[in-house]
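What follows is a short report on a single structure.
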Amino acid sequence: MQNVLVTGGAGFIGSNFVRYLLKVEPEVRIVNLDALTYAGSSENLKDLPDPGRHVFIHGNICDRNLVADLLRRYQIDTVVHFAAESHVDRSILGPGQFVQTNVVGTFTLLEVVRQFWLIERALPLASVRFHHVSTDEVFGSLEPHEPAWTERTPYAPNSPYAASKAASDHLVRAYGHTYGLPYLITNCSNNYGPYQFPEKLIPLTILNALEGRPLPVYGDGGQVRDWLYVEDHCEAIWMVLRQGTLGETYNMGGDNQPTNLTVVQMLCDILDQRLPDSAYMPHRSLIRFVEDRPGHDRRYAMDTTKIRRELGWRPRQSLESGLLKTVAWYLNHLEWVTAIRNQPGYQAWLEINYASREAQ
Ligand code: NAD
Ligand code: DAU
């Protein structure tokens, strides 16, 4: 049995990863450490496959004693680190929490594994792995003519969120270089799919459209993202963990670069097809251009040659098939939608982020 500590496993990607791993890998036990911030929910962990191999711990990655106790108690040999503050708009309004969780939290985890794995040598060194889940946003923003980012592209983060993720990547790398920590880092593009908190573009658009609310598009909607269906990301992480080269980074992405406006229009068209009797037909009529995000990155694009060539990974979903699955999931999980929407703070967030944005 492999004993895997998943941090942030009650959030969007973390909960999908827990589900994925329990489904495909009979030889793992998962300890899931999550602080249940506004972004994490036990609603995301209902109906897990084979739940006997999953233990949920409500706690903070910055709590060094707790993390040390978990490593010892469960003989953790693998850490998959998702826990983070993840929303760019929130990082612009309040960067302090991003430094605390993303930088200090990652540092705390690194110190605990250094003590347990590298100083005490509590487990065979060859059996331990620290997998750090990072983002393409560390690379900054691309001009239309520039080639996609490779693993060799220098970091140039633009938002407080991206800077905090870059800092945590650097810490992980430094622990590998200085102390010999066996680590892997994956930098992934925008994810979407089931259980994504409706502050992010795709779930926000679906949920607002269902209620006939405006669909806010920042600026001119011409920004470009590289969208990856979340289960493809989970598969890639597990592949890198098992077969990747220690001390290396791997880029992941969906090899599509639509504008934000195109994504919102695609969602509207899917909803038109799925809900022909909706009072809000055509859903495109709900689109509103609103004041832009400060410092908004214009274009992201990932060169995924390395992971394709070395590990044979490729996304299973196209943007079209992934969006169809995602809309279907939200329509079939309206009880999840209600529970998340009624969480304290969600309506307040919509007010804070959108009420003051002037229409463009
Ligand atoms: P999310 O915001 O949905 O979930 C984050 C989870 O971390 C939540 O469950 C939250 O409760 C937990 N958490 C936050 N602070 C914590 C703390 N101090 N201690 C313990 N748990 C804490 O985020 P996500 O979108 O699932 O992203 C997961 C990871 O993947 C992040 O590291 C993010 O930077 C990275 N990433 C995300 C995307 C994306 O498109 N969403 C793309 C690439 C990389
Ligand atoms: O690229 C990977 C990153 O993708 C992850 O590291 C982050 O954790 C994740 O939040 C995501 O960041 P983005 O800022 O790209 O995602 P978001 O869904 O917030 O926004 C996607 C694009 O849509 C972005 O250009 C901003 C725009 N947008 C977003 C919202 C919420 C809008 O136009 N309107 C909106 O209301």
Checklist outcome for this item: Largest-first semi-axes in Å of the equivalent ellipsoid built from the Cα gyration tensor of region 272-360 are 30, 23, 17
Checklist outcome for this item: Rg/Rh of region 91-237 (Cα atoms, Kirkwood Rh), to two decimals, equals 1.03
Checklist entry - Once phi is turned into θ = phi - 60°, what whole-Hz ³J(HN,Hα) does the Karplus curve with 6.51, -1.76 and 1.60 give for every residue of region 12-19, x standing for Gly and Pro? => result 4, 6, x, 5, 5, 5, 4, 4
Item to check | Accessible surface, the chain, averaged per residue in Å² (probe 1.4 Å) | outcome: 41 Å²
Next on the checklist: Going by average Cβ density within 10 Å per residue, which order do the peptides 220-230, 12-22 take, highest to lowest?
Outcome noted: 12-22, 220-230
Checklist outcome for this item: Over the Cα atoms of region 72-121 the radius of gyration and the largest Cα-Cα distance (Dmax), both in Å, equal 13.9, 42
Checklist entry - If we restrict to alpha carbons, what Rg and Dmax does the chain come to, in Å? => result 19.9, 64
Next on the checklist: Using the Kirkwood radius over C-alpha pairs as Rh, can you work out the diffusion coefficient of region 1-137 via Stokes-Einstein at 20 °C, viscosity 1.002 mPa s, in µm² per second?
Outcome noted: 141 µm²/s
Next on the checklist: Looking at the chain only, what percent of DSSP beta bridges run antiparallel? Nearest 5 please.
Outcome noted: 5 percent
Next on the checklist: I want to verify the translational diffusion coefficient of region 172-226 in µm²/s; compute it with Stokes-Einstein, Rh as the Kirkwood radius over Cα pairs, at 10 °C and 1.306 mPa s.
Outcome noted: 109 µm²/s
Checklist entry - Which number do you get for Rg(Cα) / (2.2 N^0.38 Å) in region 40-116? => result 1.25
Item to check | Other-chain or far-sequence residues with amide H under 5 Å of ASN190's (modelled H) | outcome: ASP226, LEU228
Next on the checklist: Solvent-accessible area of CYS188, probe 1.4 Å, all protein chains present, reported in Å² to the nearest ten, please.
Outcome noted: 10 Å²
Checklist outcome for this item: Violations at 26 Å Cα threshold for listed pairs LYS165/LYS306; LYS23/LYS46; LYS165/LYS325 -> LYS165/LYS325
Item to check | Heavy-atom SASA rank of SER321, SER285, SER189 (probe 1.4 Å, accessible area, largest first) | outcome: SER285, SER321, SER189
Checklist entry - Once Rh for region 255-308 is found with the Kirkwood sum over Cα pairs, what is the Stokes-Einstein diffusion coefficient at 20 °C and 1.002 mPa s, in µm²/s? => result 155 µm²/s
Checklist outcome for this item: Phi-derived 3J(HN,Hα) across region 50-62 with the Karplus relation (6.51, -1.76, 1.60, θ = phi - 60°), rounded Hz, x for Gly and Pro, is 6, x, x, 9, 10, 10, 9, 10, 7, x, 9, 5, 7
Checklist entry - Counting alpha carbon pairs within less than 8 Å and at least 6 residues apart, what relative contact order, in whole percent, applies to the chain? => result 17 percent
Checklist entry - Do the sum for the chain: with -39,500 (n - 2.57) for every DSSP H run of n ≥ 4, divided by all residues, what is the mean residue ellipticity at 222 nm, to the nearest 500 deg cm²/dmol? => result -11500 deg cm²/dmol
Item to check | Karplus-derived HN-Hα couplings along region 207-222 (A = 6.51, B = -1.76, C = 1.60, θ = phi - 60°), whole Hz, x at Gly and Pro | outcome: 5, 4, 4, 4, 9, x, 7, x, 9, x, 10, 6, x, 8, x, x
Next on the checklist: On the Cα set of region 131-195, report Rg and Dmax in Å, please.
Outcome noted: 13.1, 40
Checklist outcome for this item: Counting sequence-distant residues (5 or more places) and residues on other chains, those with an amide H built under 5 Å from that of VAL6 are VAL31, ASN32, LEU33, VAL80
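The values are calculated or read from the model by the stated rules, or taken from the named source; none is laboratory data. Being a predicted model, the structure only gives us computed values, none of them experimental. Glycine also receives a Cβ, built like all others from the backbone with ideal geometry; neighbour counts cover every protein chain displayed. Please note that ligands, DNA and RNA were not included when accessible areas were found on the heavy atoms of the full protein model with its side chains. Shrake-Rupley method; radii C 1.70, N 1.55, O 1.52, S 1.80 Å.
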